[in-house]
Amino acid sequence: MDWDGDGMGEQSTMPAARGGAPLTLRARKPGYAVMQECLAIQAEAPERSWWQRFVGRDPLHEDARSWYKGAQGERQVAAELEALGPEFTVLHAVPIGKRSTDIDHLVVGPTGVFCINTKNHSGQDVWVGGRTFLVNGHRTPHVHRSVQEGERATALLSAAAGGPIAVQPVIVVAAERVRFGEKAPAAVTLRPEQVGAWIAGLPRVHSDEAVRFLSMLAEERGTWHVDAVVVHDTLRHVQRFERLERDIAAATARRRLLRRGSVVAGLAVPAGALLGFWWATAAAALAAAG
């Protein structure tokens with residue numbers, strides 16, 4: 001349904017930062033809420049010894065692994081959504097409700113409004129049908145929660161807009177294999193590389209004026225959360241997470257290097273023994289000829 005923007009003369013007042021600059025959700029980075037959880041757990045990880053750093057021991061706390069993987073998944077989907085044109089507004093880690101729950105990605109554009117739930121099940125098999133979402137044969141609540149998120153987002157955005165605005169739930173899953181049952185998923189389920197083209201390829205449902213109005217509402221934290229002010233220093237968390245990524249990559253590279261060194265050393269021992277045998281045989285032959 002197209003929203004013609006009636007009643008747009010009454011706009012909510014946005015909180016202002018120092019200097020009068022408005023605070024909007026555009027400051028939120030992809031995976032921000034998951035990064036926070038990951039870094040909070042990672043802070044409890046013991047410092048690696050020089051030997052552990054030398055051998056490339058993984059610095060990531062085991063309890064932080066799922067959060068780390070989730071943050072990477074959200075960043076991957078965000079990169080895909082960047083391909084959408086300027087007529088689309090893409091927001092990340094949109095806080096919703098009263099607590100720390102958030103919408104991974106929110107997209108507003110001429111083809112509709114979408115709340116995207118990102119799941120990183122890389123290396124695993126996924127099966128989806130109706131409201132059932134299986135990961136390696138185990139049932140998960142992904143579809144149920146995604147549908148609920150869409151209903152909640154629809155209610156909040158409609159209240160802010162003063163008219164019914166549908167927010168469509170979408171699940172984006174990274175997995176080794178994604179299979180579908182005969183019954184269509186209750187929430188559209190896509191791979192990361194499919195989501196941008198799918199959103200852009202849908203028929204237009206909102207005018208340019210409506211998109212501008214809905215984007216303005218979507219950017220306001222007060223539309224979604226009872227706390228209408230953005231108070232977190234997102235850049236600092238992103239920098240800390242990226243430093244953790246670099247540490248993990250460096251440890252992985254060092255382990256690979258040491259493994260290659262071990263293989264070379266293993267080959268060098270028999271090669272050296274063979275060379276020694278050859279020299280001994282040659283010397284004995286020369287002695288006998290003399």
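The values are calculated or read from the model by the stated rules, or taken from the named source; none is laboratory data. Keep in mind the model is a prediction, meaning the values are calculated, not measured. Cβ coordinates were reconstructed from backbone atoms using ideal geometry, including for glycine residues, and neighbour counts include every protein chain displayed. Ligands, DNA and RNA are stripped out before the accessible areas are found, and what is left, the full protein with its side chains, is counted by its heavy atoms. Shrake-Rupley method; radii C 1.70, N 1.55, O 1.52, S 1.80 Å.
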> Has the stretch 18-38 got at least one residue that is closer than 27 Å to ALA174 by Cα and modelled with pLDDT of 85 or more?
Replying inline: yes
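Would it be correct to say that VAL211 is of a type in the set (A, V, I, L, M), open to solvent by less than 20 Å² (accessible area, probe 1.4 Å), at pLDDT 95 or above and out of contact with any Ser or Thr (no Cβ under 6 Å at 6 or more places or on another chain)?
Yes: the conditions hold for VAL211.
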> If you go through the stretch 55-72, how many residues are touching a Gly at 6+ places or on another chain (Cβ under 8 Å) and open to solvent by less than 50 Å² (accessible area, probe 1.4 Å)?
Replying inline: 2
>> Considering only residues that are in contact with a Leu (Cβ under 8 Å, 6 or more places away or on another chain) and either at pLDDT 95 or above or open to solvent by 20 Å² or more (accessible area, probe 1.4 Å) (or both), which ones fall in the stretch 229-244?
In response: VAL229, VAL230, HIS237, ARG240
>> Checking GLY129 against (1) open to solvent by less than 50 Å² (accessible area, probe 1.4 Å); (2) in contact (Cβ under 8 Å) with a residue 60 or more places away in the chain, only one condition comes out false. Which one?
In response: (2)
> Counting only residues that are outside any helix (DSSP H, G or I), open to solvent by 20 Å² or more (accessible area, probe 1.4 Å) and among the charged types (D, E, K, R), how many does the stretch 214-228 have?
Replying inline: 1
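Please work out if VAL147 is within 24 Å of SER66 (Cβ to Cβ), part of a strand (DSSP E or B), modelled with pLDDT of 95 or more and not acidic (Asp, Glu).
Here the answer is no, as VAL147 does not meet what is asked.
Out of everything in the stretch 80-96 that is open to solvent by 10 Å² or more (accessible area, probe 1.4 Å) and over 12 Å from ARG26 (Cα atoms), what residue ends up being modelled with the highest pLDDT?
PHE88
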>> Any residue in the stretch 151-170 that is closer than 19 Å to PRO185 by Cα sitting within a Cβ distance under 6 Å of a residue that is in a loop (DSSP other than H, G, I, E, B) and of a type in the set (S, T, N, Q)? List the pairs, counting only those 6 or more apart or interchain.
In response: none
